[in-house]
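These notes concern the structure reproduced below.
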Amino acid sequence: MESARANRGWWDRNADEYQVDHGTFLGDDRFVWGPEGLDEVEAELLGPAEALKGQDVLEIGAGAAQCARWLAAQGARPVALDLSHRQLQHALRIGGSFPLVCADAAALPFADASFDLACSAYGALPFVADPVLVLREVRRVLRPGGRFVFSVTHPIRWAFPDEPGPEGLSVSASYFDRTPYVEQDEEGRAVYVEHHRTVGDRVRDVVAAGFRLVDLVEPEWPAWNTSEWGGWSPLRGNLIPGTAIFVCVRD
């Protein structure tokens, strides 16, 4: 609960700056899996674009709902969910005819078997203390055979400083230290939290939630992308992975 409260407040306070800094890269209606710029148009991790028509899709941690907007353009019926009210106000500003839902991913306000697909591009899972709870909720609202694809910071990045330059290439911490990254206010209250899981932890979480892992994608840094995004950069991206994408199926 402390993580959820802290991150809701952080994203409400910082949504405007986030959209100014990254809105151009993300676009209004692109589906980008991470700072490398891997686009769902090319990746087809949810399946061929033509197969999305008529599918009920839940986007978790939608932000300004860029991915949901792209899904709607393919003929899908998306629902965009985010913990942050301010992020969803940006989704309203950009526009779209699909529902926006402000809720916690650990308590999805939907009936069982409501969706054909679910997706999350850096949404929710990096920030929750109990990822299995979220994964079980996603599985609950998926129909049998439904696919859930989510991207997170690649776990190996936790061993390196979060810097885009050469200083970000030397190991500075133990990869196996699961201590969360926490920012606090002057009274010691958490105002931002990220939780570290190793690759093995993530795989076990997926399995424990009842999913079958069918792919783990580690996007390479493309030559066209000269942008820096926090600790992501061409320098680091050409040497170590920055994003991990888990493709899961509810059998």
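The values are calculated or read from the model by the stated rules, or taken from the named source; none is laboratory data. None of these values were measured; they are calculated from a predicted model. All Cβ positions, glycine included, derive from the backbone under ideal geometry; neighbour counts span all protein chains shown.
Being in a loop (DSSP other than H, G, I, E, B), modelled with pLDDT of 95 or more and among the aliphatic types (A, V, I, L, M): is that true of A62 here? Talk me through it step by step, then tell me what you get.
Values: in a loop (DSSP other than H, G, I, E, B): yes; modelled with pLDDT of 95 or more: yes; among the aliphatic types (A, V, I, L, M): yes.
Judged against the criteria, A62 is a match.
Residue count for region 202-241, restricted to those that are in contact (Cβ under 8 Å) with a residue 24 or more places away in the chain, out of contact with any His (no Cβ under 6 Å at 6 or more places or on another chain) and not in a helix (DSSP H, G or I): 25. Checked against (1) over 19 Å from A124 (Cβ atoms); (2) part of a loop (DSSP other than H, G, I, E, B); (3) without any contact (Cβ under 8 Å) to a residue 24 or more places away in the chain, R178 passes all but condition (1).
Of these, P144, P161, P109, which one is surrounded by fewer than 16 Cβ atoms within 10 Å (Cβ to Cβ) and under 19 Å from L88 (Cβ atoms)?
Working: P144 fails: under 19 Å from L88 (Cβ atoms); P161 fails: under 19 Å from L88 (Cβ atoms).
Exactly one residue qualifies, and that residue is P109.
Being in contact with a helix residue (DSSP H, G or I) (Cβ under 7 Å, 6 or more places away or on another chain) and part of a loop (DSSP other than H, G, I, E, B) is the filter here; which residues of region 114-126 pass it? Spell out the reasoning first.
Initial filter on region 114-126 (in contact with a helix residue (DSSP H, G or I) (Cβ under 7 Å, 6 or more places away or on another chain)): 114-115, 118-119, 121, 124-125.
The answer is S114, A124.
Number of residues in region 1-54 that are part of a loop (DSSP other than H, G, I, E, B), under 15 Å from the mean Cα position of the chain (by Cα) and over 27 Å from L133 (Cα atoms) equals 4.
Reported count of residues in region 213-243, each being more than 20 Å from D21 (Cα to Cα), small (G, A, S) and in contact with a strand residue (DSSP E or B) (Cβ under 6 Å, 6 or more places away or on another chain), is 0.
It is to be established whether one or more residues within region 55-76 are over 14 Å from the mean Cα position of the chain (by Cα), of a type in the set (K, R), surrounded by fewer than 22 Cβ atoms within 10 Å (Cβ to Cβ) and farther than 23 Å from R157 by Cβ.
No.
When E167 is tested against (1) in a helix (DSSP H, G or I); (2) in contact with a helix residue (DSSP H, G or I) (Cβ under 6 Å, 6 or more places away or on another chain), exactly one condition is not met: (2).
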